[in-house]
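The next block holds one structure in the form of structure tokens; read it before the comments.
The values are calculated or read from the model by the stated rules, or taken from the named source; none is laboratory data. Treat the numbers as computed from the prediction; the structure is a model and nothing was measured. For neighbour counting, all protein chains shown are included, and Cβ atoms are generated from backbone atoms with ideal geometry for every residue, glycine included.
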Amino acid sequence: MTDDVLIERPQAHPGVQVIRFNRPAKKNAITRAMYAKMANAINVAATDDAVRVTAFLGTDGCFSAGNDMADFMAFAMGGTMGQEVIDFLRALAGAAKPVVSGVDGLAIGIGTTIHLHCDLTIASARSVFKTPFVDLALVPEAASSLLVPRLAGHQRAFALLAAGEPFTAEEARDAGLIWKIADAAVIEQDVLAVAASLAKKPPEALRIARNLIRGDRSDVLGRIDEEANHFAARLKSAEARAAFEAFMRR
Ligand code: COA
């Protein structure tokens, strides 16, 4: 199994499972194997009483540069879109227990949209959130086309998801995409502390409260599938292939 993402259960923080991107040489770009490992961790958490909260973390200065471009290229060249990413998104969107995240630096593509499915996200001031879907001749994913307009209104959703404008941590917070901003040096500590604090709460009350706050998730799951159909078709387009080739050549 890949070590490009690590699944940890830190002893100092009982009840917390950490999903840690561990591919800094490739800016934590996410491969099919990484999606599969992450989906499995979220599914295991649902039935394992030892896990009460899952926390996503990246590396110094980089959360994730999004989906691996080589995988995009492989789909564009005739492969089929990996089921792993859909399985991961469905597991995350339907996660039975709280999910938190910490961002320091780059958060691109799914590195941004992942947080729409987290309950609390803390980011460093130097973080940048960006979804260059349309620039890559692709379309929004992870139900972002449903969730970002809900959170931030049409204009900010359009700026992020269609215009591909970068959002600073402050802009992301003001748009409701993240909870708060902290010093880069304490992001991990703060995220683990908030996760540990959630892990100590009465689990059934927390579960019900979370489900009430999140509401019915069938529309989110439906949008993930709808976007994925468009995404798969766009991946095969000449314009997407040209964009991936340009990235590979740069
Ligand atoms: N997929 C695969 N590899 C990626 C990657 C991705 N999404 N993002 C970065 N990498 C790799 C680079 O190819 C490079 O590998 P190399 O050293 O073997 O050539 C390495 O990570 C470092 O990236 P580099 O581009 O040199 O760093 P940078 O600091 O100049 O730029 C980014 C960083 C993230 C701005 C730039 O790499 C980028 O735009 N990546 C693509 C992001 C993207 O569009 N993701 C998909 C969203 S849907």
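What the table below lists for this structure:
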read-out	value
Search result, residues across the stretch 52-73 that are more than 15 Å from the chain's Cα centre (by Cα) and crowded, with 20+ Cβ neighbours inside 10 Å	Arg52, Val53, Asp71, Phe72
Selected residue (criterion: surrounded by the most Cβ atoms within 10 Å (Cβ to Cβ)) from residues of the stretch 3-44 that are away from the ligand (no atom under 16 Å from the Cβ) and basic (Lys, Arg)	Lys37
Close pairs from the stretch 68-85: first under 13 Å from Leu136 (Cβ atoms), partner assigned to a helix (DSSP H, G or I) and within 9 Å of the ligand (Cβ to nearest atom), Cβ under 6 Å, at least 6 apart	Met69/Phe247
Long-range neighbours under 6 Å by Cβ, at least six apart or interchain, first residue farther than 17 Å from Gly82 by Cα within the stretch 227-250, second in a helix (DSSP H, G or I) and within 11 Å of the ligand (Cβ to nearest atom)	Ala243/Leu136; Phe247/Met69
Residue in the stretch 1-35 that is nearest to Ser197 (Cα to Cα), counting only those that are touching a residue at least 40 places away in the same chain (Cβ under 8 Å) and of a type in the set (S, T, N, Q)	Asn28
Top-ranked residue of the stretch 105-120 - restricted to ones that are outside any helix (DSSP H, G or I) and either closer than 30 Å to Pro202 by Cα or under 11 Å from the mean Cα position of the chain (by Cα) (or both), ranked as nearest to the ligand (Cβ to nearest atom)	Gly109
Number of positions in the stretch 121-133 that are over 13 Å from the mean Cα position of the chain (by Cα) and either within 10 Å of the ligand (Cβ to nearest atom) or at pLDDT below 95 (or both)	3
Close pairs from the stretch 54-66: first away from the ligand (no atom under 11 Å from the Cβ), partner of a type in the set (Lys, Arg) and not in a loop (DSSP other than H, G, I, E, B), Cβ under 9 Å, at least 6 apart	Ala55/Arg20; Phe56/Arg20; Leu57/Arg20; Gly58/Arg20; Thr59/Arg20
1 or more residues farther than 18 Å from Val128 by Cβ, touching a residue at least 60 places away in the same chain (Cβ under 8 Å) and more than 17 Å from the chain's Cα centre (by Cα): qualifying helices (runs of 4 or more DSSP H) within the stretch 150-223	187-199, 203-214
So Met73, is it at pLDDT below 95, over 22 Å from Ser197 (Cα atoms) and part of a helix (DSSP H, G or I)	yes
